[in-house]
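Right, one structure below, let's go through it.
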């Protein structure tokens, strides 16, 4: 979701975010409610077909699950050991299906459109004190600053490496926390200076 | 016009600015001074990010203490590090943020977004993730995010400090071409040689307020 949106004109790109997110929620629930390996495998195939419909290359689809490959391996091994091969394959395929489907939604939906839809949906909860604008801004900021924090973490790690401190959690965590807090202050000022009022 | 009347600013017990009275009406104003001299705090007073401990700051008659929203609609602010100013993950979305806060309609937002992207030759970056832009592109986006709000004044706090020479020159060209009144906090004396006015701040006080021809040598002497 950080930089996933791939511009396009496919049917999935043109669909409004609300129905897409609702479909995601229903499909994810359905995947959890059924326990058939065959149905789960068919679901993965169907989701990959939707990538085709959205004109998103298979390599992009695979890139969505690649970072979790080690988790898949561990899940598969543990499930195989305790519950057998069929259940291990089912669990891993189900997880892959969920990730592929969620990624497909973010690949075909602008973050701002998704946030606008969430804001509209959250208005229903205004009577119980939910501020939709604050929630949507918080989501945007999280999406925006995860890569920035990742870059700062790399800088701090590299700086500490030159001093032989790359294995010290405190030596990495402290400067990272200080820079993150300073950055949060600056971002807050920037938001205020651009006319945002909570 | 931006008016400061007997303005002092303190952070807790620590005084930062002392009894400053100025009227800012020239098109190109530079603020220079040593690190820690108070020039960034001075800049932050101008759009109400910092409020004076005593005295008043007003922009076209609007008091920064009482009419912050009106002031921020008139005074845009560009920070040193664009990474901290870009709020949304995608270029187009970030440009829209300030305009949405002003309550502009979707059509106006789309028109202004297109105009600013075309002006700075960034059309191809419209749907680009902000964190993957180069340093120069990020600063240009940060400036654009302010300009689309159509402020009368733009305050810039060392906007070229983190940039290489090529991008520094590019940003300088962008700033020179702006119609708005510019109040530019900088260490880069070359950039301000043709400005209308230069204010030198030293230890929280206005040490010199003159043309570049007089103020820059004064500052160089002060730093010697």
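Just so you know, all these numbers are worked out from the coordinates, no wet-lab data involved. Being a predicted model, the structure only gives us computed values, none of them experimental. Here the Cβ positions follow ideal geometry from the backbone for every residue, glycine too, while neighbour counts run over all protein chains shown.
What number goes with the only condition from (1) in a loop (DSSP other than H, G, I, E, B); (2) more than 8 Å from chain A (Cβ to nearest Cβ); (3) under 16 Å from the mean Cα position of the chain (by Cα) that residue B:65 does not pass?
Residue B:65 satisfies all of (1) in a loop (DSSP other than H, G, I, E, B); (2) more than 8 Å from chain A (Cβ to nearest Cβ); (3) under 16 Å from the mean Cα position of the chain (by Cα) except (3).
Looking at the stretch B:140-175 only, could you name the residues that are touching a residue at least 60 places away in the same chain (Cβ under 8 Å) and either in a helix (DSSP H, G or I) or more than 21 Å from residue B:44 (Cα to Cα) (or both)?
Scanning the stretch B:140-175 gives B:142, B:143, B:145, B:146, B:147.
Of the conditions (1) part of a helix (DSSP H, G or I); (2) over 24 Å from residue B:96 (Cα atoms), residue A:165 satisfies every one except a single condition; which number is it?
(1)
Can you name the number of the only condition in (1) in contact with a strand residue (DSSP E or B) (Cβ under 8 Å, 6 or more places away or on another chain); (2) within 13 Å of chain A (Cβ to nearest Cβ); (3) on the phi < 0 side of the Ramachandran plot that residue B:87 fails?
Going through the list (1) in contact with a strand residue (DSSP E or B) (Cβ under 8 Å, 6 or more places away or on another chain); (2) within 13 Å of chain A (Cβ to nearest Cβ); (3) on the phi < 0 side of the Ramachandran plot, residue B:87 breaks only (1).
With the requirement that a residue be farther than 21 Å from residue A:150 by Cβ and either more than 13 Å from chain A (Cβ to nearest Cβ) or touching a strand residue (DSSP E or B) at 6+ places or on another chain (Cβ under 7 Å) (or both), what does the stretch B:120-136 give you?
Selection gives B:120, B:121, B:122, B:127, B:136.
Among the listed residues A:86, A:162, A:119, identify the single one that is surrounded by fewer than 16 Cβ atoms within 10 Å (Cβ to Cβ) and in contact with a helix residue (DSSP H, G or I) (Cβ under 6 Å, 6 or more places away or on another chain).
Of the residues listed, the single one that is surrounded by fewer than 16 Cβ atoms within 10 Å (Cβ to Cβ) and in contact with a helix residue (DSSP H, G or I) (Cβ under 6 Å, 6 or more places away or on another chain) is A:86.
So that you can scan it fast, the table gives a plain yes or no per residue for (1) farther than 25 Å from residue B:30 by Cβ; (2) crowded, with 19+ Cβ neighbours inside 10 Å:
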position: B:79; (1), (2): no, yes
position: B:85; (1), (2): no, yes
position: B:89; (1), (2): yes, yes
position: B:106; (1), (2): yes, no
position: B:110; (1), (2): yes, no
position: B:117; (1), (2): yes, yes
position: B:143; (1), (2): no, yes
position: B:154; (1), (2): no, yes
position: B:159; (1), (2): no, yes
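Of the residues that sit in the stretch B:46-61 and are free of Cβ contacts under 8 Å to residues at least 40 places away in the same chain and surrounded by 20 or more Cβ atoms within 10 Å (Cβ to Cβ), which one is nearest to the other protein chains (Cβ to nearest Cβ)?
B:49
Residues that are away from chain A (no Cβ under 12 Å), out of contact with any helix residue (DSSP H, G or I) (no Cβ under 9 Å at 6 or more places or on another chain) and surrounded by fewer than 16 Cβ atoms within 10 Å (Cβ to Cβ): does the stretch B:93-104 have at least one?
no
Which is assigned to a strand (DSSP E or B) and within 21 Å of residue B:200 (Cα to Cα), of B:77, B:42? So that I can check it myself, show each step before the final result.
Values: B:42 fails: assigned to a strand (DSSP E or B).
On inspection, the qualifying residue turns out to be B:77.
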